[in-house]
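One structure is given here, and the rest of the page talks about it.
The values are calculated or read from the model by the stated rules, or taken from the named source; none is laboratory data. Treat the numbers as computed from the prediction; the structure is a model and nothing was measured. Neighbour counts run over all protein chains shown; Cβ positions are idealised from the backbone, glycine included.
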Amino acid sequence: MTPRPEPPPAASLSYAQYSGWACCWCAKSLLDVTGAVSAGIARGREGVHVLDVEVYACPGCAPEHDRQGGTP
């Protein structure tokens, strides 16, 4: 099994991606999608402020083992 890909850095995400409303990889809206899964933690810093946030992926971008309910 291939390892889970790292999400993009937090600083490169749009507001919708950072808020969990859009896929962290393709930016597709997750508001009308079922089956979105956690893609991991997007890491980032702005000076002393930690910007780490959990981001989500649409079913088309999610790794196969996540779509089947597997563990990372």
Just need a number here: residues in region 29-58 that are in a loop (DSSP other than H, G, I, E, B), buried (at least 17 other Cβ atoms within 10 Å of the Cβ) and at pLDDT 95 or above.
-> 2
Would you check which residues across region 1-28 are touching a Gly at 6+ places or on another chain (Cβ under 6 Å) and either closer than 12 Å to residue 61 by Cβ or buried (at least 16 other Cβ atoms within 10 Å of the Cβ) (or both) and list them?
-> 7, 10
In the list 16, 27, 11, 22, which residue meets the criterion of being in contact (Cβ under 8 Å) with a residue 40 or more places away in the chain and out of contact with any Cys (no Cβ under 7 Å at 6 or more places or on another chain)?
-> 11
